[in-house]
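Chemist: Please find one structure pasted underneath; my questions will follow.
Each value in this text was obtained by applying a stated rule to the coordinates, not by laboratory testing. Because the structure is a prediction, the values reported are computed rather than measured. Neighbour counts run over all protein chains shown; Cβ positions are idealised from the backbone, glycine included.
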Amino acid sequence: MKINKFTNWFPLPLLASTLLLTAGGCAVETKQTPKPSEPPKSVSNKSSSTVQMTLEPKAIDILQAASRQLAAAHTMSFTAVVSYESPSRLGTPLVYTSKSDVTLQRPDKLRVLTPGDGPATEFYYNGKTMSAFAPAENLIATAEAPPTIDATLKAAFDNAAIYFPFTDLIVSDPYIDIADGLIIAFYMGQSKEVGGTTTNMVAYANNNVFIQAWIGAEDQLPRRMRAVYSADPTRLRHQMDISDWKINPTVPKNAFAPKNANNANHIAFSTPNSGLVPYATPPAQSSSPETK
């Protein structure tokens with residue numbers, strides 16, 4: 001997954017075109033998208049010449065250390081709370097929030113429980129099949145899945161527009177995708193106000209997205225990520241807070257199968273009729289040996 005794959009931070013667990021499971025129900029507010037504000041005036045050549053597109057070694061070291069920590073975990077779990085802005089009829093963006101409890105076991109098991117805001121959804125991948133379950137509606141979609149988490153994430157997007165905002169944290173090698181297209185990375189300093197620990201702040205970007213990340217100074221685990229997309233004329237902001245990290249915990253064998261879906265009505269995976277945001281792109285399958 002490349003860093004431009006953060007473009008679709010809207011939670012999109014969709015079982016079928018008739019069952020929209022996006023959080024917040026923001027469709028009512030976005031029927032009349034406000035006219036984007038005028039872009040900022042271009043910066044003079046004198047000012048722009050002071051901005052150097054460089055990759056600072058310290059920032060790269062922090063990103064690589066975080067990627068190694070995530071990639072080395074055989075099992076892990078965390079909670080991701082995502083806040084994203086959405087246009088409103090008033091012109092001022094509204095903020096919606098989703099929460100997901102994530103558990104994975106490499107290379108072929110994943111569980112994502114999203115209790116809200118919005119309709120609750122559950123996603124399971126057991127190495128052979130992937131299932132999306134809507135408890136309130138008692139609907140479940142199940143399909144054959146590829147043999148790795150990376151490939152299954154792409155298949156879920158292609159088949160049903162399912163995308164998780166923390167995708168870049170759970171692929172087999174996060175740094176491969178961060179480095180692809182990277183044009184700037186710099187160290188900002190430390191913070192003690194995020195995630196209850198001391199974090200190193202780094203910012204990095206490619207031509208699609210600018211990301212600011214707060215990464216634990218001692219454990220190298222991401223605590224917050226904030227993104228703005230260059231293709232979004234309204235420059236809406238997306239923020240993800242990650243907590244309750246557990247690296248290599250013992251995971252029950254039955255963790256990757258729905259528990260209360262025996263009597264659920266089965267439906268097919270399908271892509272919803274409603275289009276994605278214009279700057280959204282599907283997750284790319286990792287080129288790591290694990291997914292070949």
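Chemist: Can you grab the distance from the C-alpha centre of the range 206-231 to the C-alpha centre of the range 55-109, Å, no decimals?
Modeler: Taking the Cα centre of each part, the range 206-231 and the range 55-109 sit 8 Å apart.
Chemist: Tell me the relative contact order for the range 149-236 as a rounded percent, counting alpha carbon contacts under 8 Å between residues six or more apart.
Modeler: 17 percent
Chemist: Please rank Leu110, Leu55, Leu90, fewest neighbouring Cβ atoms within 10 Å first, as an exposure proxy.
Modeler: With the fewest neighbours first, Leu110, Leu55, Leu90 line up as Leu90, Leu55, Leu110.
Chemist: Moving on to the next point. Using only the Cα atoms of the range 179-260, build the gyration tensor, take square roots of its eigenvalues as a ≥ b ≥ c, and label the shape rounded, prolate or oblate: rounded if a/c is under 1.5, else prolate if a/b is larger than b/c, else oblate. All intermediate terms of the calculation are to be shown ahead of the outcome.
Modeler: Values: a/c = 2.28, a/b = 1.46, b/c = 1.55.
Since a/c reaches 1.5 but b/c is at least a/b, the shape of the range 179-260 is classed as oblate.
Chemist: Moving on. Count charges around Tyr187 for me, please; just the other residues with Cβ under 15 Å from its Cβ, Lys/Arg as +1, Asp/Glu as -1.
Modeler: -1
Chemist: Now for a different question. For a footprinting-style exposure proxy, rank Thr79, Thr152 by other Cβ within 10 Å, fewest first. Show your work: numbers first, answer last.
Modeler: Working: Thr79 15, Thr152 25.
With the fewest neighbours first, Thr79, Thr152 line up as Thr79, Thr152.
Chemist: Continuing with the same structure: What number comes out for the charge environment of Ala257, summing +1 per Lys or Arg and -1 per Asp or Glu over other residues with Cβ under 12 Å away? Walk me through the numbers before you get to the answer.
Modeler: Values: positive: Lys109, Arg111, Lys128, Lys253, Lys259; negative: Glu122.
Once all neighbours under 12 Å are counted, the net charge is +4.
Chemist: What does the charge dipole of the range 146-209 about its Cα centre add up to, to the nearest 20 debye, if the Cβ of each Lys and Arg holds +1 and the Cβ of each Asp and Glu holds -1?
Modeler: It comes to approximately 180 debye.
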